[in-house]
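Take a look at the structure set out below.
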Amino acid sequence: MRPSIKLVLAAATLAATSPAFAEAPVEREVIVRTGDLDLATDQGAAELNSRIAKAAWQVCDKADVLDVRPKAAIEQCASRVASMHNVTARKMVLAARGGEDGVRTASLDKDIALSAR
């Protein structure tokens, strides 16, 4: 009777750890606040880029707590996430500086939400 108990326990353990029963990766989101930045200045633009880079690391490093990814995978994720949002940052800085037509955009208090799985 002992072997059957071991078999049942082994099957239960296998079933609980199989991908079919695994939880989906948690999507983590970090909001980058921009309302306090003067994006018309180099200092404000640099701070926005710094905040995006930090938020990308936060999102990618903790996207799945159970995932023990190598540092290179986290770096690749952070680079990808930051690149996607740097386009938005460039548009915001351009608008703050008068845009291509020299007209400044009135409302620049737009937060940026970064997320990753």
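Nothing in this text is a laboratory measurement; each read-out follows from the coordinates by a stated rule. A quick note: this is a predicted structure, and the numbers were derived from the prediction, not measured. Note: ideal-geometry Cβ built from the backbone for every residue, glycine included; neighbour counts use all protein chains shown.
Can you tell me the length gained on complete extension of the stretch LYS71 to MET84, counting 0.36 nm per residue apart and subtracting the Cα distance?
2.7 nm
When you count, for each residue, the other Cβ atoms within 10 Å and take the mean per peptide, how do 34-43, 50-59 rank with the highest first?
50-59, 34-43
Once you put a point 7 Å from the Cα of ARG33 and another 7 Å from the Cα of LYS91, both along the Cβ direction, what distance in nm separates them?
2.4 nm
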